[in-house]
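Chemist: Structure in structure tokens, see below.
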């Protein structure tokens with residue numbers, strides 16, 4: 001798969017096109033999830049990506065504003081041609097707003113056990129549309145596992161996922177997402193962790209597109 005990216009200086013040398021391609025994949029993936037989420041709530045749902053970053057894992061709490069207090073985190077394993085995890089995080093306030101907006105428990109306090117299927121369905125939709133977008137644009141054959149939800153400290157959830165990964169992940173692809181449901185804005189963080197070989201493979205696919213564009217331009 002070529003030479004793997006192993007440090008932040010190499011990571012920050014990515015071209016504008018590479019960054020733009022990754023951001024666009026996230027925008028399209030999250031945007032496509034709006035249709036399925038609208039069916040879930042029987043109401044219009046608008047989604048958008050506020051920001052996209054590729055960062056060292058240890059920088060994730062700082063750049064996202066996720067501190068060491070309880071979060072609702074759902075994660076799925078990425079399989080086949082890629083190895084990694086997708087994590088969807090909601091702060092307690094955002095998780096409560098999500099429950100009140102999407103479920104019949106409106107007005108009640110957040111109960112993880114009661115609303116666990118809701119978090120998992122929302123996260124599965126988000127992760128599924130992201131993986132489908134990778135397939136459509138980069139022709140990467142990947143799939144996701146059944147989602148699992150935990151209500152814990154961010155660091156605990158992240159450490160569990162890293163322990164589960166067969167290869168160490170150094171970098172995280174972070175999407176800050178906003179959902180507009182029934183005139184309520186709900187914010188969440190969509191974090192993709194890939195092992196070094198998988199990240200390199202994704203970037204190789206992006207550069208294959210660049211090279212193809214150059215060849216067509218020359219012709």
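The values are calculated or read from the model by the stated rules, or taken from the named source; none is laboratory data. None of the values given here were measured: they were computed from a predicted structure. Cβ placement follows ideal geometry from the backbone for every residue including glycine, while neighbour counts extend to all protein chains displayed.
Condition check ((1) surrounded by 22 or more Cβ atoms within 10 Å (Cβ to Cβ); (2) at pLDDT below 85; (3) touching a strand residue (DSSP E or B) at 6+ places or on another chain (Cβ under 7 Å)) across all residues:
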residue: 180; (1), (2), (3): no, no, yes
residue: 187; (1), (2), (3): no, no, yes
residue: 190; (1), (2), (3): yes, no, yes
residue: 196; (1), (2), (3): no, yes, no
residue: 204; (1), (2), (3): no, no, no
residue: 211; (1), (2), (3): no, yes, no
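Chemist: Separate question: If only one of 74, 64 is buried (at least 16 other Cβ atoms within 10 Å of the Cβ) and at pLDDT below 80, which one is it?
Modeler: 64
Chemist: List every residue pair whose Cβ atoms lie under 8 Å apart, where the two residues are 6 or more positions apart in sequence or sit on different chains, the first residue falls within the range 160-174 and is at negative phi and part of a helix (DSSP H, G or I), and the second residue, located anywhere, is surrounded by fewer than 20 Cβ atoms within 10 Å (Cβ to Cβ) and at pLDDT 85 or above.
Modeler: Every condition considered, the pairs that remain are 160/150; 164/77.
Chemist: Restricting attention to the range 32-61, and to residues there that are without any contact (Cβ under 8 Å) to a residue 24 or more places away in the chain and surrounded by 15 or more Cβ atoms within 10 Å (Cβ to Cβ), which single residue is farthest from residue 125 (Cα to Cα)?
Modeler: Ranking the candidates gives 38 first.
Chemist: Residues being surrounded by fewer than 18 Cβ atoms within 10 Å (Cβ to Cβ), out of contact with any helix residue (DSSP H, G or I) (no Cβ under 9 Å at 6 or more places or on another chain) and assigned to a helix (DSSP H, G or I): count how many of those fall in the range 122-156.
Modeler: Residues in the range 122-156 being surrounded by fewer than 18 Cβ atoms within 10 Å (Cβ to Cβ), out of contact with any helix residue (DSSP H, G or I) (no Cβ under 9 Å at 6 or more places or on another chain) and assigned to a helix (DSSP H, G or I): 2 in total.
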